[in-house]
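Here is the structure we will look at.
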Amino acid sequence: MRLTRTVGLLGIVAAGILMPAVGTEAGTPPGTDTGAVTPVQHLVVLYQENVSFDHYFATYPHAANPPGEPAFDPSAETPSINGLNESLLAPNNPNSVQPFRLDRSQFETSDQDHNYTDEQKAFDAGLMDQFVEKVGRGVGGPNGTPGGQVMGYYDGNTVTALWNYAQQFAMSDNSFSTTFGPSTVGALNLVSGQTHGFTPDATSFGIAVTPNTTVIGDPQPTGDICDTRDHTTSTDPNNKNIGDLLNAKNITWGWFQGGFREATGVDKNGNPTTNTCLIGHKNMAGVFNVDYIPHHEPFQYYTSTANPAHLPPTSPSTVGQTDQANHEYDLTDFWAAVDANNMPAVSFLKAPGYQDGHAGYSDPLDEQQYLVSTINRLEKTPYWNSTAVVIAYDDSDGWYDHAMSPIVNQSTDPTVDALDGTTCGKKTQNVFGGYQDRCGYGPRQPLLVISPYANSNFVDHSTTDQSSILRFVEDNWLTGRIGNFSFDTKAGSLLNMFSFPPNGPVGGPNKLFLDPETGQK
């Protein structure tokens, strides 16, 4: 019997069955015991960009294994997933282009349409049959159909590392965007479970971004030194984020983003620059993008947790505490803190643009380099035995996924809602808190947990969403809830993916080191 699958964190504590935190023996660094109620004393969230579940795991665990590509051979005991089975593959799929395998040589793709309204139109009231017409970009499929690329998926010969992590640790096949919409929406839902109560702004790329003061687009955070266009900030005095709750409990935390504070680099023309907002890299396909992307940084939208001038921490020893950096850092600050035996309890790590997985300027191979290098390095730290890594995504990019999400919150705004024509459900009493434009759950996305306490070769079928990560932090560090109709009160638990003493951890290796280039052991 695995108690973590039948009771919540608070129930485990109340039952008095939880083992003391690991990693507090002699010789371990300070800060190993952060006050969490489970052995996960350190949570590291690798928050990536723009991937649907089927786009990376459609045929898991079966890969084509063509010659010359990294091979993937699954364990015979791999559990089944809700993937693209025969009834949803060619010629049976209801979309106008049939799902097709993207080869490893096709790692560079177009960015698909993933705005709040068009994603609902692609779902077509649950028929899941309008992806090519409503969100597709780039040619794809056997006939090179315009928009058909949206039906493409990778397998274990391209996203090899993620498939290997799924084999050795835990993954979900039933985790969704909290609401429909793009990156900023997903980032805000990760840290607060709410997207309402923001200053209105007109449009972003011709699309309304904050109707009814609810964020549905990608406005930039007001005041950020890299703010260049439409912007917004939280103005509802009842709005909070998980940083506020952690600060109130004196628990260390930080958001660490690539390019947040670079001193030197090159711009898109290859010219040297000291302007951190212009510094970037080219991905493997030679596409340049800036490293720091303002609308991917959710804590910058809240005055209480913003660092608009990108000020550095006072020293590595103050990372995670409140100083002039205000918990917003460069990725280099995370590793400086770890090396100084000062790893925060809760860390959100955001890759530089070219490695964040976002189609158009990043790709699965550059993303793999970042994910594997980060996890390999974490596994070598003295904190590993008290750490859990969560790999999650901010939105689906519009990529095809066959699973209709459960609609746990409706919205009846005919100007932007379109799941069933002009609304996302017709019952106004099911509009959570009366806040419109939060139709959800949205598209399904990958979610993996990599930890000594993760169940091995395990697939969680319970329903979760982006705010489930938020809820795990709240429950693990007893912060209380966000309030103001945050989705944290609806969120499913991540606990099914863990086994804690005295029942776990269950099987599998404590660590898994992979090759960043091939994704293989």
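The values are calculated or read from the model by the stated rules, or taken from the named source; none is laboratory data. Worth saying up front: this structure is predicted, and the values here are computed from it rather than measured. No Cβ is skipped: glycine too gets one built from the backbone with ideal geometry, and neighbour counts run over all protein chains shown. Quick note on the areas: whole protein, heavy atoms, side chains included, nothing else; ligands and nucleic acids left out. Shrake-Rupley method; radii C 1.70, N 1.55, O 1.52, S 1.80 Å.
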**OP:** Select from region 489-501 the residues that are farther than 20 Å from His42 by Cβ, touching a residue at least 60 places away in the same chain (Cβ under 8 Å) and in a loop (DSSP other than H, G, I, E, B) and list them in ascending order.
**Re:** Lys490, Ala491
Subject >> Evaluation of Asn157 against (1) out of contact with any helix residue (DSSP H, G or I) (no Cβ under 6 Å at 6 or more places or on another chain); (2) on the phi < 0 side of the Ramachandran plot; (3) surrounded by fewer than 24 Cβ atoms within 10 Å (Cβ to Cβ) (one fails), failing number >> reply: (1)
Subject >> Criterion (over 24 Å from Val473 (Cβ atoms), β-branched (Val, Ile, Thr) and surrounded by 24 or more Cβ atoms within 10 Å (Cβ to Cβ)) met by exactly one of Val209, Val215, Val191 >> reply: Val209
**OP:** Return the pairs, sorted by first residue and then second, in which the second residue is assigned to a helix (DSSP H, G or I) and of a type in the set (Ser, Thr, Tyr), the first residue lies in region 174-195 and is farther than 17 Å from Ile391 by Cα, the beta carbons are less than 6 Å apart, and the residues are 6+ apart or on different chains.
**Re:** Phe180/Tyr116; Gly181/Tyr116; Gly193/Ser467
Original post:
How about region 436-488: which of its residues are in contact with a strand residue (DSSP E or B) (Cβ under 6 Å, 6 or more places away or on another chain), assigned to a loop (DSSP other than H, G, I, E, B) and closer than 13 Å to Phe498 by Cβ?
Top reply: Ser451, Tyr453, Asn455
Subject >> Residues of region 152-195 classified as closer than 30 Å to Gly434 by Cα and outside any loop (DSSP other than H, G, I, E, B), total >> reply: 11
**OP:** From (1) closer than 24 Å to Ser110 by Cβ; (2) open to solvent by 50 Å² or more (accessible area, probe 1.4 Å), pick out the condition that doesn't hold for Asn283.
**Re:** (2)
**OP:** Tell me, yes or no, whether region 236-249 has at least one residue that is open to solvent by 10 Å² or more (accessible area, probe 1.4 Å), over 22 Å from the mean Cα position of the chain (by Cα), of a type in the set (S, T, N, Q) and modelled with pLDDT of 95 or more.
**Re:** yes
Original post:
Which of the residues spanning region 346-370 are out of contact with any strand residue (DSSP E or B) (no Cβ under 6 Å at 6 or more places or on another chain), open to solvent by less than 10 Å² (accessible area, probe 1.4 Å) and aliphatic (A, V, I, L, M)?
Top reply: Ala351, Ala359
Original post:
Which numbered condition trips up Val416, out of (1) open to solvent by less than 60 Å² (accessible area, probe 1.4 Å); (2) assigned to a helix (DSSP H, G or I)?
Top reply: (2)
Original post:
Pairs, please: C-beta under 6 Å, at least 6 apart or cross-chain, first residue closer than 25 Å to Ser177 by Cα and in region 50-70, second among the β-branched types (Val, Ile, Thr) and open to solvent by less than 20 Å² (accessible area, probe 1.4 Å)?
Top reply: Tyr56/Val159
Original post:
In region 85-135, which residues are of a type in the set (S, T, N, Q), under 24 Å from Pro70 (Cα atoms), assigned to a helix (DSSP H, G or I) and touching a residue at least 24 places away in the same chain (Cβ under 8 Å)?
Top reply: Gln106
Original post:
Quick one: is Gly433 open to solvent by 10 Å² or more (accessible area, probe 1.4 Å), in contact (Cβ under 8 Å) with a residue 12 or more places away in the chain, over 30 Å from Ser373 (Cα atoms) and not in a loop (DSSP other than H, G, I, E, B)?
Top reply: yes
**OP:** Would you check if His231 is at pLDDT below 95, over 20 Å from the mean Cα position of the chain (by Cα) and open to solvent by 60 Å² or more (accessible area, probe 1.4 Å)?
**Re:** yes
**OP:** Could you tell me whether Ser110 is surrounded by fewer than 20 Cβ atoms within 10 Å (Cβ to Cβ), out of contact with any Pro (no Cβ under 7 Å at 6 or more places or on another chain), closer than 21 Å to Gln355 by Cβ and at pLDDT 95 or above?
**Re:** yes
**OP:** Scan region 376-390 and give yes if some residue there is within 17 Å of Gly259 (Cα to Cα), touching a residue at least 12 places away in the same chain (Cβ under 8 Å) and open to solvent by 10 Å² or more (accessible area, probe 1.4 Å), otherwise no.
**Re:** no
Subject >> Among the candidates Ala64, Ala76, residue that is touching a strand residue (DSSP E or B) at 6+ places or on another chain (Cβ under 9 Å), open to solvent by 40 Å² or more (accessible area, probe 1.4 Å), at pLDDT 95 or above and assigned to a loop (DSSP other than H, G, I, E, B) >> reply: Ala64
**OP:** Would you point out which residue out of Leu365, Leu349, Leu311, Leu371 is part of a loop (DSSP other than H, G, I, E, B) and at pLDDT 95 or above?
**Re:** Leu311
